[in-house]
Amino acid sequence: MRRLFNTIKQYRKSKLPETMDSAISTDLDNNIKFFKKQFENSSDIVFRQITTPKNKAYIIFIDGLIDSARIELHAIQQLLEQTPADALDATYIEEQIISVNSVTEENKLKKLIKQILDGNTILLIDKFDKALVLDAKGGSSRSISEPDTESVIRGPREGFTESLRVNTSLVRRKIHSNHLKVVSRTVGSETQTSLAILYLENLAPPQLVEEVLSRIDRIEIDGILESGYIEELIEDDSWSPFPQIQNTERPDTVAANLLEGRVSIIVDGTPFVLILPTSFWQFIQASEDYYQRFHISVFLRLLRISLLFLALLMPAFYVAIASFHQDMIPTTLLLSITASREAIPFPVFIEALIMELSFEALREAGVRLPKVIGQAVSILGALVIGTAAVEAGIVSAPMVITVSLTGIASFTIPRFNMAISIRLLRFPMMILAGMFGLFGIVLGSIVLLTHLCKLRSFGIPYFSPLSPLKWSDLKDVFVRVPWWDMGSRPNQFVKEDPVREGSNLKPSPNQKKS
């Protein structure tokens, strides 16, 4: 009976784990067979055997995702230098031998595979039912540099990278507070993409944080490759042409929004960080507005708002005036427009549509081409095609001027996702203007305003603080008042701590005199 019992025990001991949720066995060879089966045909998985007179161990990692020098110096070399009398003991190794920053114990196979895929190194020891997880992530990555999409004249020159921990550290450098919380999540059944949700515990509303975490936990998808996946999966209205979540490459922009009670989502593998909730007015505000003196910021912000209306309505207004309301044009200008359109074979609407589509095609070509020739192609293409089209009598000179001014106006919108939304909405406005004239423009504007007033971003009205109207929050919408007069945070976010400490102290009379 004893021999039969020992045989059964030996069989169970040598049997491979049946499921991923099983714990590792004390037989190192069986554990290595299991991991080699899971990573079959994966040449970048390294299995490094370490043998001592007492027992043996294996180190497993993915080549390219770990810092090889740290593993060699702080793990492999120290294990091999142990005296023959030393036996490999998990607790002793963790406390006395391994000198990497973080060492944890784990015994579930599924979690160990996840640790390997995340870029950690695992150490398996014979006759022990636990593995050590060594944090020695490394590999090549892009260094911190100035973001190309949000360049400033005055302000920090650092931008986010594709590394999750580098990005969280950039925010930590801006906000040295224990109230800053970083909550981790993993999304994507195949990619297992890591997310970090950042918020200030004393400022962000708890219901907002819970809603963000709830929406992220409900995501069911095989892979997340960029933060745009998350943005589209958690936004309030997917059919709206307006972006309801702001994205940025600048750590100072994230820090400023966290200080106003908002939440940020950092996705591993992309430099674009999400900020929510957001409002329409945030997309016409640049980070440099808060670094320049408020007089300059007020002028630039009012200029952007004016140009935003031009980018949306200028071609439609020209089509409506030239097609239906010629009596509104001064006589001299009307004669000039009529003379330039005398040989044009197309109606004004078709002419505007051709020019707008051509301009968008040139802009897209300039973006997709290599940077060395992209700008030259877009600029020269616009000049050559515009001049040739006017000389050939296909389009009129006033139309070329209108489309060019519209394109310049769209470039002044700081946020690309809002700028491209305005560019898309320009075409429905042109269609309404071509069908109904100024009445069509008024009708389209009413529909847009109604939609903006109904739209919400995580429960916050998208058009706030203008609709619903909150006078105290208008200090940072159309204008930017001086910092000493901006004494409160946005009311719709922060309830418990609405005062910016020290920012409501106005200059003393002596300061004004000096």
Exercise. Only helical DSSP H runs with n ≥ 4 go in: add -39500 (n - 2.57) per run for the chain, normalise by residue count and round the 222 nm mean residue ellipticity to 500 deg cm²/dmol.
Key: -13500 deg cm²/dmol
Quiz item: So which DSSP H runs in the chain come out at 20 Å plus along the axis (Cα) with average Kyte-Doolittle of at least 1.6?
Solution: 294-324, 397-411, 438-454
Quiz item: Ranked from highest to lowest mean number of other Cβ atoms within 10 Å per residue, what is the order of the peptides 262-269, 350-357, 95-102?
Solution: 262-269, 350-357, 95-102
Exercise. Please find the FRET efficiency linking residue 343 to residue 439, where r is the Cβ-Cβ separation and R0 is fixed at 35 Å, and quote it to the nearest 0.05.
Key: 0.70
Practice problem: With a/c under 1.5 counting as rounded, go ahead and sort the range 234-319 into rounded, prolate or oblate using the C-alpha gyration tensor (a ≥ b ≥ c being the square roots of the eigenvalues; past the cut-off, prolate if a/b is larger than b/c, else oblate). | Solution: oblate
Self-check item: Cα-centre dipole for the range 114-255 with unit charges at Cβ (Lys and Arg positive, Asp and Glu negative), debye to 20
Solution: 820 debye
Quiz item: Quick one: with all protein chains in place, what share of the accessible area of the range 271-321 is carbon or sulfur, to the nearest percent (1.4 Å probe)?
Solution: 81 percent
Practice problem: Report the far tail of the P(r) of the range 63-164, meaning the percent of Cα-Cα pairs longer than 23 Å. | Solution: 42 percent
Practice problem: Report the calculated FRET efficiency for residue 141 and residue 453 (r = Cβ-Cβ distance, R0 = 45 Å), to the nearest 0.05. | Solution: 0.55
Self-check item: Fraction of accessible area attributable to carbon and sulfur, the range 104-247 (%, probe 1.4 Å)
Solution: 46 percent
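Where nothing but the Cβ of Lys and Arg (+1) and of Asp and Glu (-1) is charged, how large is the charge dipole of the chain around its Cα centre, in debye to the nearest 20?
In debye, rounded to 20, the chain gives about 800.
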Self-check item: Accessible area expressed per residue, the chain, with surrounding protein chains retained (probe 1.4 Å, Å²)
Solution: 53 Å²
Practice problem: Take the solvent-accessible surface of the protein heavy atoms, probe 1.4 Å, and return the percent of it on the range 394-462 that carbon and sulfur atoms account for. | Solution: 82 percent
Quiz item: Which order, highest average first, do 401-409, 213-221 follow once you tally other Cβ atoms within 10 Å for each residue and take the mean per peptide?
Solution: 401-409, 213-221
Quiz item: Please report, for the Cα atoms of the range 444-494, the Rg to one decimal and the Dmax as a whole number; what are they, in angstrom?
Solution: 12.6, 40
Exercise. Using only protein heavy atoms and a 1.4 Å probe, report how much of residue 48 is accessible, in Å² to the nearest 10.
Key: 80 Å²
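The values are calculated or read from the model by the stated rules, or taken from the named source; none is laboratory data. A quick note: this is a predicted structure, and the numbers were derived from the prediction, not measured. In this analysis, Cβ positions are derived from the backbone assuming ideal geometry, glycine residues included, and neighbour counts consider all displayed protein chains. Calculation scope for accessible area: heavy atoms of the full protein, side chains included, ligands and nucleic acids excluded. Shrake-Rupley method; radii C 1.70, N 1.55, O 1.52, S 1.80 Å.
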